[in-house]
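Working notes, beginning with the structure itself.
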Amino acid sequence: MQGFWIALISIGVSALFVLGVPIFLIIGLWVVGVSLVIDFTLMNVGVTLFEGLNFFGLLALPLFILTGDLINAAGIARRLTNFAYQMLGWIRGGLGMATLGACGMFSAISGSNSATTAAIGSIMHPEMVKNGYDKTFAAATAAAGGTVGIIIPPSIIFIVYGFLLNLSISDLFIGGILPGFVMVVAMQLTCYTICRRMGWGNLIPFDLKKIGVSAVRAWLGFFAIAIVIVGIYSGIFSPTEAAGMTAGFCLLAGLFITRELKWRNLPNVLLRSGQITGLLAPLIAISIVMQQVLSLLGAVQFFNGLLSQLGNKYAIILACMAIVLVAGCILESLPDTIIFAPILAPIAHQAGVDPIHFAVIFLVGDAIGFITPPYGLNLYVASGITGIPYFKLLRYTMPYFYALVIAWFIIAFVPQLSTGLLVNQGAGVYQVDKPATGKAH
């Protein structure tokens, strides 16, 4: 009888999802409904909602969100894109490749896919159109480039993943460096191939002096990237400390160095960051309760029994990748991670997959979902900033999709890309049957 009511509740909340009800309410209603069915005390919901967010390491989340808004408002993003253009503009398709490279550099400070697409797309799309690129292709390039926003550190979703599964956020950040680079290069090669065949793009002369000047002007961006990557990799900062240092540096740089961030605009920047944090934090809190309920229902054991029949480690990896890709087409990365990561990650670990490596596999698949219909958040963002219809973007998004899938397979079956830079490899330990505590280092 319990199974009937749980199925009925699940169908009901799925209908609400189709109607556009916020995902936090959907998960919350499911958790409360199922808790009542299985006689799981509702007091646990209130306690866990508080304790789930009562963790110092999660401060990195709002701080990196704020950093992404600050580097855009301070003009640092524009300086990085100009440097990328001077580096690659002499190659056929160079401005498109520079857009993808700028997305990678922006990601190395902000940690958000939609922010990357919005910031770089709003800067580079008009430039690409003015320089002879198809406007739809230019918008699709910005959308595809944003996918690395949650892979190249710092990554907001890596923070959430590490928190949920009790993995080192520092190790997760380091594990995303090389895979993010592979994704950018794969997309740049695709961009070059398409532009060379179509003859798109006006070339600029290769000028070392202009490259040097643009590099000097972009030093603020490089320094912010160094704070995050070098600071965390060397052990000087925890992710939370790095987030605070980077946000503080970008704030001071915008106010006193570039002077493009005005005091009167600062409240709006803070409000925007606070709104995004307000959307994410409740989801993280309710996800902890959802983990507990799923554990009581035996979800991990069910999927473990199902996937373990495949036997081979690589077959299990492929099955997990298929699940993540399908889920990523329907769900945004956060609910996708909340629902499936605590279930699939321990199964992959039992099959012999390194926890950090699987985290990267999982989240790269999540990232690809940003340019796949029917959800495809980056496509909506690119459509919003360019005015090009959503479905029209799919024509030029698909080549990038194929390139990212190839890169995904390379990342999945070459674990050294995810673990090669780690000092302590294979040290991850999953704890998914109780509220996560998350490691700060």
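A few comments on the model shown:
- Percent of Cα pairs exceeding the 19 Å cut-off, where the set is the range 96-253: 57
- Taking all C-alpha pairs of the range 172-264, those more than 17 Å from each other amount to 69 percent.
- Convex hull of the range 1-145 built on C-alpha atoms - directionally averaged projected area, nm²: 12.2
- For the listed residue pairs Lys313/Lys392; Lys130/Lys392; Lys262/Lys392, the alpha carbons are over 31 angstrom apart in Lys313/Lys392; Lys262/Lys392.
- Unit charges at the beta carbon, dipole of the chain: most positive-side option, Ala140, Val289, Phe55: Ala140
- Once divided by 2.2 N^0.38 Å, the Cα radius of gyration of the chain becomes 0.97.
- Using alpha-carbon coordinates, inclination of helix 299-308 to the longest axis of the chain, degrees: 70
- Degrees between helix 23-37 axis and first principal axis of the chain (Cα, 0 to 90, nearest 10): 10
- Evaluated on the range 1-40, the Kirkwood hydrodynamic radius is 10.1 Å, with distances taken between all distinct Cα atoms.
- For the listed peptides 201-210, 156-165, 122-131, a ranking on the average number of other beta carbons within 10 Å per residue, highest first, reads 156-165, 122-131, 201-210.
- Kirkwood hydrodynamic radius of the range 177-327, from the reciprocal of the average inverse Cα-Cα distance over all distinct pairs: 21.3 Å.
- Here the convex hull built on the C-alpha positions of the range 18-78 has a volume of 122 cubic angstrom per residue.
- Sorted by Cβ density within 10 Å, fewest first, the residues Val228, Val37: Val37, Val228
- q = 0.22 Å⁻¹, the range 65-132: log10 I(q)/I(0) [Debye, one scatterer per Cα]: -0.83
- Ranked for footprinting exposure by Cβ neighbours inside 10 Å, fewest first, Trp90, Trp263, Trp200, Trp408 give Trp263, Trp90, Trp200, Trp408.
- Principal-axis tilt of helix 177-198 within the chain, Cα atoms, nearest 10 degrees: 50
- Counting neighbouring beta carbons within 10 Å and listing from fewest to most, the residues Arg196, Arg79, Arg264, Arg272 come out as Arg264, Arg196, Arg272, Arg79.
- Mean Cβ count within 10 Å, highest first, over the residues of peptides 94-104, 232-242: 94-104, 232-242
Any read-out appearing in this document is the output of simple, stated calculations on the displayed coordinates, not a laboratory observation. What you see is a predicted model; the values in this text were computed from it and never measured. FYI the Cβ positions are ideal-geometry reconstructions off the backbone, even for glycines, and counts take in every protein chain you see.
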